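A short write-up of the structure that comes next.
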Amino acid sequence: MSLALTDVVLTYPDGDRTLTALDHVSLAVGPGEFTAVVGPSGSGKSSLLAVAATLITPASGKVSIAGRPVNELRPAERTRLRRDHIGIVFQHPNLLASLTALDQLTVMAHMAGRSPRTAAVRARELLAAVDLAGKEHKRPHQLSGGERQRVNIARALMNGPEVLLADEPTSSLDHYRGEQIVKLLERLTRDRRLATVMVTHDLAKLTAADRVYSMTDGRLTENGR
């Protein structure tokens, strides 16, 4: 499995008591699988993504990324694992205003110490894959909301991850553009054999998913497709 969470418990201190954000959660997503997680605000969806992204260490349970048990890794090793094996699509693109679409991607490779020439070739390929060929030199203010989100997705794929985590990727888009983004995520998942988890509150965006889970009070329940 590219992504596996096994019996994960995540707790937070809340005054004089303890809040359980994830309550014995298990989730497995293999290559080419598109999984959606739905639930109301505060149900634990963001906590699930944070644990899957290795940003938060759970109180108990196991997390595995690309076959590697995260629990056994030192902090620096976790950082490298996250950089090289996990792509994160944020709710808001957060693109740097001064950088072109191409530069938004190549800076990721630069941070990973990769060759600038190789990075530019890969960045152009990814921008074409998200239907932005010919817009490599556009800056964020020259792109539509949907196009900025496509740059966000391409950026998440720049270092060749096996796992793709998408946090409410359509929340700031209208229905049509949101639908196109979900279709794009589905296509990339199949074509690039990604293990994709998309968190959303929009039930209309679930038809592309292989499996749908509901999150309620930190508990994860599979609904099927």
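The values are calculated or read from the model by the stated rules, or taken from the named source; none is laboratory data. All values reported here derive from a predicted model rather than from experimental measurement. Note that we place each Cβ from the backbone using ideal geometry, even for glycine, and neighbour counts take in every protein chain shown.
See the values below:
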quantity	calculated
Selection within the range 193-217 - modelled with pLDDT of 95 or more, crowded, with 18+ Cβ neighbours inside 10 Å and not in a strand (DSSP E or B)	LEU194
Unmet requirement for MET158, which otherwise passes all of (1) touching a residue at least 40 places away in the same chain (Cβ under 8 Å); (2) of a type in the set (A, V, I, L, M); (3) part of a helix (DSSP H, G or I); (4) crowded, with 21+ Cβ neighbours inside 10 Å	(3)
Residues of the range 191-225 satisfying the condition of being over 21 Å from VAL89 (Cβ atoms) and basic (Lys, Arg)	ARG219, ARG225
Wholly within the range 45-142, helices (runs of 4 or more DSSP H) carrying at least 1 residues that are exposed (fewer than 14 other Cβ atoms within 10 Å of the Cβ) and at negative phi	75-85, 101-111, 116-129
Hits in the range 8-18 - residues which are surrounded by 12 or more Cβ atoms within 10 Å (Cβ to Cβ) and touching a Ser or Thr at 6+ places or on another chain (Cβ under 6 Å)	VAL9, LEU10, THR11
